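These notes concern the structure reproduced below.
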Amino acid sequence: MFEKLDMAPPDVILGLTEAFKKDPNPNKINLGVGVYKDSNGATPVFQAVKEAERRLIDVEKTKTYLSIEGSPEYAAAVQEMLFGAGNSLVTSGLAATAHTAGGTAALRVAADFIKTKCPGATVWLSDPTWPNHPAIFRASGLNMATYPYYDADAKVLAFDRMIEALAKIPAGDVVLLHACCHNPTGIDPDAAQWKQIAGVAKTAGWLPLFDFAYQGLGDGFREDARGLDCFVNLDGEMLIASSFSKNFGLYNERVGALTAVGASVEAVEKAMSHIKVCVRTLYSNPPAHGGAIVTTVLGDAALRAMWEAEVTEMRDRINGMRTLFVDTLKAKGVTRDFSFLTRQRGMFSFSGLTKDQVLKLRKDSAIYIVDSGRINVAGMTENNMEPLCKAIAAAL
Ligand code: LMR
């Protein structure tokens with residue numbers, strides 16, 4: 001069987017990391033995959049995470065299976081992150097959370113749940129979106145369509161076209177929304193626009209599915225939930241896929257969650273019973289370690305403060321790199337206006353570089369950027385800024 005196969009294409013993001021690792025150029029720069037780098041170009045373990053791990057070694061008594069949906073303590077910690085401490089959703093039973101193997105598994109479980117219970121539903125994705133989104137929903141066998149999101153000329157949210165399209169989506173379909181730090185554009189709706197989107201969702205009757213992978217990296221923990229908050233206030237149904245890869249630096253621990261919110265406790269319990277069936281058939285039950293770290297950090301005031309300070313430092317460094325990038329390009333004589341980068345949020349920026357320019361940067365300067373022109377700003381440092389901007393100036 002294997003002899004007859006053709007090679008599958010490399011993954012557009014993770015495949016780039018594979019190529020980067022093989023590149024012998026000592027000056028290579030990886031601005032592809034969304035992984036945070038500190039000012040030294042390293043991706044260290046958070047201090048709060050290390051401390052939580054030390055504590056876990058002492059208190060852990062067993063490695064027996066978690067339940068299919070994971071621990072209730074983790075579920076409560078996730079919900080407090082999403083809805084804010086003290087929010088009644090956390091205790092009302094109107095939200096239920098399954099601990100998943102990263103945000104990707106959360107999305108795939110959501111997709112399988114939708115496919116099994118609403119097989120005719122179409123999932124609407126922003127144009128553009130994270131390249132793995134269509135692959136995940138395709139793997140579950142769901143129909144997909146796109147809604148306008150990005151105005152490539154003005155480099156802003158194409159809000160009027162977006163809201164017009166969202167208003168026409170039929171009841172029972174699913175709309176995937178990036179809760180903050182839109183991947184790949186770095187452009188989010190503002191508070192007033194979120195309100196309008198939530199209003200349209202209520203009138204049209206489609207199900208919102210939030211992908212929430214960058215909480216804390218945009219404007220702050222609660223600020224980044226401003227869109228979600230508008231939907232919470234509607235008391236309707238929604239699904240939320242969380243990831244702690246970036247905001248806890250727990251990439252290789254695969255820590256995520258799928259949260260279902262409903263209008264009655266009974267409805268939420270029913271939804272979770274089917275979500276559990278999907279988890280059981282995909283990976284049975286979640287890996288414990290990463291979830292235990294998140295639960296420990298969020299449940300301890302001192303560790304939580306330490307972690308919040310670390311995320312704030314990341315956010316400030318990324319925003320500092322945005323400004324430095326724009327200024328350094330200018331200093332290199334680039335006349336094209338890149339100031340839009342400072343208005344984008346999170347790890348990514350849709351730079352406007354064409355595929356040809358991206359490929360030239362890769363070939364001539366060992367600078368790795370996703371073919372779409374998406375740059376991981378969190379991979380820029382003071383040290384790589386000069387050579388990076390020099391190469392971009394030459395490629396333009
Ligand atoms: C990215 O978009 O680079 C990250 O979300 C990592 C990934 O899995 O693609």
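Some points to look at:
- Listed residues ALA121, ALA305, ALA201, most fluctuating in the chain (Gaussian network, C-alpha, under 10 Å): ALA305
- Those chymotrypsin sites (Phe, Trp or Tyr not before Pro) in region 42-129 that DSSP places in a loop and that have at most 12 other beta carbons within 10 Å: TYR65
- Comparing mean-square fluctuations of ALA152, ALA241, ALA292 from a GNM of the chain with C-alpha springs under 10 Å, the top value falls on ALA152.
- Partners of LYS360 within straight-line reach, counting lysines whose Cα lies under 19 Å from its Cα and excluding those fewer than 8 residues away in the same chain: LYS21, LYS22, LYS28, LYS332, LYS390.
- Over the chain: helical MRE at 222 nm, DSSP H runs n ≥ 4 each giving -39500 (n - 2.57), nearest 500: -14500 deg cm²/dmol
- Column: log10 I(q)/I(0), Debye, Cα scatterers of region 1-91, q = 0.12, 0.24 Å⁻¹: -0.81, -1.19
- The mean sequence separation of alpha-carbon pairs under 8 Å and at least six residues apart, normalised by the residue count of the chain, gives a relative contact order of 26 percent.
- Euclidean distance of C-alpha centroids, region 102-179 and region 81-95, integer Å: 25
- Comparing PRO134, PRO44, PRO189 in a Gaussian network model of the chain where C-alpha atoms under 10 Å apart are linked, the largest mean-square fluctuation is found at PRO44.
- Sequence-separation-based contact order of region 4-124, relative, with Cα cut under 8 Å and 6+ spacing, percent: 13
- Angle in degrees between helix 102-117 and the longest Cα principal axis of the chain, rounded to the nearest 10: 50
- Among the protein heavy atoms of the chain, carbon and sulfur supply 54% of the accessible surface, probe 1.4 Å, non-protein parts ignored.
- Whole-Å distance, taken between Cα centres, linking region 290-304 and region 16-75: 15
- With contacts taken as Cα pairs under 8 Å and at least 6 residues apart, region 296-360 reaches a relative contact order of 25 percent.
- Net length available on complete extension from ILE57 to LYS28 is 6.7 nm, with 0.36 nm assigned per residue and the Cα-Cα distance removed.
- To the nearest ten degrees, helix 355-365 and the longest principal axis of the Cα atoms of the chain are 60 degrees apart.
- Considering the chain, its Cα convex hull presents a mean projected area of 20.7 nm².
- Here region 38-192 is treated as a sphere whose radius is the Kirkwood value from Cα pairs; by Stokes-Einstein at 4 °C and 1.567 mPa s it diffuses with a coefficient of 69 µm²/s.
- With the highest mean first, a sort of the peptides 261-267, 31-37, 248-254, 20-26 on other beta-carbon atoms found within 10 angstrom per residue produces 31-37, 248-254, 261-267, 20-26.
- Degrees between helix 288-298 axis and first principal axis of the chain (Cα, 0 to 90, nearest 10): 90
- Count of lysine pairs in region 110-269 with Cα separation under 28 Å (8 or more residues apart, or interchain): 10
The values are calculated or read from the model by the stated rules, or taken from the named source; none is laboratory data. Just so it is clear, the structure is predicted and the values come from calculations on it, not from any experiment. Glycine also receives a Cβ, built like all others from the backbone with ideal geometry; neighbour counts cover every protein chain displayed. Note: accessible area is taken over every heavy atom of the protein model, side chains too, but ligands, DNA and RNA are not part of it. Shrake-Rupley method; radii C 1.70, N 1.55, O 1.52, S 1.80 Å.
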